[in-house]
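J.: Before I ask anything, let me first share the structure, which is written out below as structure tokens.
The values are calculated or read from the model by the stated rules, or taken from the named source; none is laboratory data. It should be emphasised that the depicted structure is a prediction, and the values quoted were computed from it without experimental measurement. Heads up, the Cβs are rebuilt from the backbone with ideal geometry, glycines too, and the neighbour counts pull from every protein chain shown. Note: areas computed on protein heavy atoms with side chains; ligands, DNA, RNA excluded. Shrake-Rupley method; radii C 1.70, N 1.55, O 1.52, S 1.80 Å.
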Amino acid sequence: MNDSIAIYPGSFDPLTLGHDDIVRRGLRLVERVIIGVAETATQSKSGLFSIEERVALIREVYADEPRVEATSFQGLTVDFARSRGARLMIRGLRAVSDFEYEFQMALMNRSLWPEVEVLFMAPDVRHTFLSSSLVREVARLGGDVTEFVSAIVKERMDERFAESASR
Ligand code: COA
């Protein structure tokens, strides 16, 4: 196992500045962060971007950051982590309300693979109320999401909503 690599799993539909904050904090601790877009957790009908689009978008966001990699994965997150030689998993904790679910997942993951270590990181306070679905909803209803997502993500969201409006 390579302890200078961490995986950051999630649905990322889309990646927000809150996620980016966690990635950048992670980069202070490890050499490489692998963002894993989970196929199993995320195939909801209300998804804005397909799994491939999310991965492509994340790669674009980090085009100038060779220490960040993005990929999708199927099946268990612990199997994905193990296959990448990483036993460190990063998760962001935005509020106490995240805690119970995150704690449950961390313990489940550990019972599936005792070697895994989950690192919870607190995001910048400006991002504690952010979630991808809220950002999607605000953008869909014509609100400005500039403060919540990177310029590249905003551009793709605008395109996507323009496409669906013209249909
Ligand atoms: N900033 C902004 N938003 C954040 C955030 C942050 N730092 N951290 C989490 N969020 C938001 C996400 O945008 C997402 O918002 P949404 O629900 O409105 O779309 C929400 O919090 C939770 O999303 P995410 O962190 O992506 O987690 P998830 O619950 O969608 O997925 C997986 C969690 C993918 C890690 C989990 O389902 C998994 O491991 N799946 C693979 C299968 C598996 O191994 N299952 C057993 C797990 S024990």
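J.: On full extension of the chain, what length is gained from residue 117 through residue 74, given 0.36 nm per residue of separation minus the C-alpha to C-alpha distance? Present the calculation step by step, with values, prior to reporting the outcome.
T.: Values: separation 43, 0.36 × 43 = 15.48 nm, distance 2.01 nm.
That pair, residue 117 and residue 74, stretches by 13.5 nm at full extension.
J.: Express in nm, to one decimal, how much length is gained between residue 110 and residue 141 on full extension, taking 0.36 nm for each residue of separation and deducting their alpha carbon distance. List each step's numbers first, then the result.
T.: On the way: separation 31, 0.36 × 31 = 11.16 nm, distance 4.03 nm.
Gain on extension, residue 110 to residue 141, equals 7.1 nm.
J.: OK, next. Work through the residues other than residue 64 whose Cβ is under 14 Å from its Cβ and net out their charges, Lys, Arg +1 and Asp, Glu -1. All intermediate terms of the calculation are to be shown ahead of the outcome.
T.: Values: positive: 24, 59, 67; negative: 20, 60, 65, 69.
Around residue 64, the surrounding residues sum to -1.
J.: Provide the packing ranking of 49-61, 139-151, i.e. peptides ordered by the mean count of other C-beta atoms within 10 Å per residue, highest first.
T.: Numbers: 49-61: 18.7, 139-151: 14.7.
Packing order, densest peptide first, comes out as 49-61, 139-151.
J.: Along the positive direction of the dipole of the chain (beta-carbon charges: Lys, Arg +1; Asp, Glu -1; about the Cα centre), which of 93, 127, 70 reaches farthest?
T.: Positive-most Cα among the choices belongs to 93.
J.: Any idea what the dipole of the chain comes to, in debye rounded to 20, about its Cα centre with Lys/Arg Cβ at +1 and Asp/Glu Cβ at -1? Mind dumping the intermediate values first?
T.: Values: 21 positive and 26 negative charges, 41 e Å.
With Lys and Arg at +1 and Asp and Glu at -1, about 200 debye.
J.: Count the net charge of all other residues whose Cβ sits under 14 Å from the Cβ of residue 14, scoring Lys and Arg as +1 and Asp and Glu as -1. Let's see the in-between values first.
T.: Details: positive: 54, 59, 136, 140, 154, 156, 160; negative: 13, 20, 52, 53, 60, 137, 155, 158, 159.
Once all neighbours under 14 Å are counted, the net charge is -2.
J.: Between residue 159 and residue 131, what FRET efficiency follows from the Cβ-Cβ distance if R0 is 22 Å, with the result rounded to 0.05?
T.: Step by step, r from the Cβ atoms, then E = 0.55.
J.: Give, in nm to one decimal, the length gained when the segment between residue 60 and residue 31 is fully stretched (0.36 nm per residue of separation minus the Cα-Cα distance). Provide the component values of the computation, followed by the final result.
T.: Details: separation 29, 0.36 × 29 = 10.44 nm, distance 1.95 nm.
Extra length from residue 60 to residue 31 when fully extended: 8.5 nm.
J.: Can you work out the accessible area per residue across the stretch 2-165, with the rest of the protein chains kept in place, probe 1.4 Å, in square angstrom?
T.: Details: 8750 Å² over 164 residues.
That works out to 53 Å² for each residue.
J.: Sum -39500 (n - 2.57) across every DSSP H segment of at least 4 residues in the chain, then divide by the residue count to get the 222 nm mean residue ellipticity, nearest 500.
T.: Details: 7 runs with 77 residues, N = 167.
It comes out at -14000 deg cm²/dmol, rounded to the nearest 500.
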